[in-house]
Each structure stands twice: as structure tokens, then as C-alpha cells.
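Let me begin by presenting the structure, written as C-alpha cells, before commenting on it.
Laboratory data are not the source of any read-out in this text; all were calculated from the coordinates shown. This is a predicted model, so every value here is computed, not measured. Glycine gets a Cβ as well: all are built from the backbone with ideal geometry, and neighbour counts include every protein chain shown.
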């Protein structure tokens, strides 16, 4: 039997090493742009306009000159290749419906005829509402999970601990996903949109589901293996559920990988976010959530601080 519990602090260290670069990327992005990551118009308001089959890629000055004629002074073109065709994504403040044909005519005069792939526009009020609802959704999910697990495990010793451990593991996955979103924003220009929020909430569901499977087996084994040390019960429970967790996640990962490769560019960011989040969720359920229960049961945190304070008391006065 693999000793999962004995290496719990190694797993915690791995989680920290994964999360810290993402937090640094969020800090860097905040310093540069006053946002934690690149926010799409779903959150900030504005317009995304994708066109292909253009004769050449326009410069930023050329695009801004056209948009400025209609009172839009923050247009930014981003060259891209869509399905082998040269194109450009233009991000700007909201382009009103009555102005769009005029801008399109000027763009055609500059670039020749083009094909519009995608046009999406949202006002700042809608963006602010989406941001608020996103934060509310994550907060409500955390509270509901805590209450549900506390009630579901009420017959187990210390049921509140199961809820707290699941919430910590859930926030681990949230930090991994948003951290990588910030890294991708810095290096690849990725934007966080409504699909990202959908992926994040789905990841939360998968993560908590996996955690509950492990916790439920721990609860069963606490009764069946009465008298066995808690560390051994947790280790035994993880071993029993490991095959199921891996097989379940592999099926999902195969499907998501296929979608990432063949599903098209419009859902690629969503699918990659799901891939990252589900991998993180599987890891956190086995190597974080269950290990937090062991740390809590053994009183490791309290023992650590007691040792620190004891050393401070014994240290000679300078």
C-alpha cells in the first residue's frame, strides 16, 4: 500500500509551488493593468470584433484612426490566424449598432473585403453585473458545500472538518485555475470571459465530487476499521478510491483533449481551463483534502506553534 499520508507535507509543498507563480502573475498584471488578469468584455464591457481574409494586418495607429472618427479612442488590433486565414481581433470600447457599418466600411477601404467571424458587444453596466454575480456564485457555492458536507457527515467524528477541508481543496483549485489564467494573459493575451466562469464553476463541482467520494470512504472505514489509527484509515481509504478517481477523470480528460484539438478556437480556452481545473481537482481531492483531515486530527498545526513558542521562551534574552 502506498503511504499517501506520510508524504502529506510534500503534497502541500507541490501545491504551493504551483499556486505561487500564478499569484505572482496576478500581482504583475495588476501593477501593469490594474486588473488581476485580462478581463473580456463580459466583465468590463466593450467590443470584440474578429475579421479574416484580410489583405494585410493593420497597424494600431491605422485602426485607432478609423475608430477615433466615431469617438472610440482605445481600439487595439491583435493579429491572429483563424483556420489558416490571416485575421485580426480588434478590441475596443462598445461599438454601437449604428456606428458599426460605418467602421466596417472604413476597414474595408483600408484592408479590402473581409469576412466577419465574430462580433460581440456589451455595455459597462452588463459587465459590472457579471463580475458581481461571478463573485456571488463562488461565495454561495463555498457556503452551500460547507453546510452540505457538515450535515452529510454529521454522524462522523468532527463533521465540520470535512466541510472545511473540502472548501480549502476547492479554493486550491480556484487559485490554480485563476493563476494560470493570469500567466496565460501575460504571455499569450488570454482573456477571462463568461465561458471561463462556467469552466471554473464546473471545476468546483468536479473537485467537490471527488473529495466527497474520498471522504465518504473515510467515514465508512472509520466504522469498519474501528480502532485503527486515523492516519491508516485515511491512507486505506485513498487507496480504495484511487482507481475509481483516476478512471473517472481519464474519461473526462480524453473527451476534453479531443475537444481542445478538434473543437475549434472559440471553445479552446474554455476546454483548456477545464483540463487544468480537473487535473487540479483530482490532485487536491486525494493529496490535499484528505491530508488536511489528518493534519487536523493529529493536531500538527497546534503542535507546530507550540514548538515555536517553546523555542522562543527558551531562547536567552539578548
Original post:
What is the order of 33, 11, 283, 162, fewest Cβ neighbours within 10 Å to most?
Top reply: 33, 11, 283, 162
**OP:** Choose one answer from 196, 153, 114: the residue with the largest mean-square fluctuation in a GNM of the chain with alpha-carbon springs under 10 Å.
**Re:** 114
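Averaging sequence separations of C-alpha pairs under 8 Å and six or more residues apart, then dividing by the length of the stretch 46-121, give the relative contact order as a whole percent.
Details: 134 pairs, mean separation 37.1, N = 76.
The value is 49 percent.
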Original post:
Once both axes come from the Cα atoms, what is the angle between helix 300-314 and the longest principal axis of the chain, in degrees from 0 to 90, rounded to 10?
Top reply: 80
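Step by step: find N for the chain, compute 2.2 N^0.38 Å, then divide the Cα radius of gyration by it. What's the final number? Show your work: numbers first, answer last.
Details: Rg = 25.0 Å, N = 318, 2.2 N^0.38 = 19.6 Å.
That ratio works out to 1.27.
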Original post:
Assuming R0 = 45 Å, what is the FRET efficiency of residue 137 and residue 85, from their Cβ-Cβ distance, to the nearest 0.05?
Top reply: 0.75
**OP:** Go ahead and set up a Gaussian network model of the chain, Cα springs under 10 Å, then flag whichever of 87, 163, 22 fluctuates most.
**Re:** 87
**OP:** Compare 210, 231, 74 in a GNM of the chain, Cα atoms joined below 10 Å, and give the one with the largest fluctuation.
**Re:** 74
Subject >> residue 55-residue 2 pseudo-label distance in nm [points 7 Å out on the Cα-to-Cβ vector] >> reply: 6.0
Subject >> Between helix 8-33 and the chain: long-axis angle, C-alpha atoms, 0 to 90°, nearest 10 >> reply: 30
Original post:
At what distance in angstrom do the alpha carbon centres of the stretch 216-247 and the stretch 164-211 lie from each other?
Top reply: 27
**OP:** Place a label point 7 angstrom from the Cα of residue 300 along the Cα-to-Cβ direction, then list the residues of the stretch 161-185 whose backbone nitrogen is under 19 Å away.
**Re:** 161-173
Original post:
By how many degrees, between 0 and 90 and to the nearest 10, does the Cα long axis of helix 268-284 differ from the longest principal axis of the chain?
Top reply: 10
Subject >> Where labels lie 7 Å past Cα in the beta-carbon direction, separation of residue 257 and residue 110 in nm >> reply: 4.3
Original post:
Which of 274, 228, 39 comes first, and how do the rest follow, when ranked by fewest Cβ neighbours within 10 Å?
Top reply: 228, 39, 274
Original post:
What are the semi-axes of the equivalent ellipsoid of the stretch 1-133, taken as the square roots of 5 times the eigenvalues of the Cα gyration tensor, listed largest first and rounded to whole Å?
Top reply: 41, 19, 14
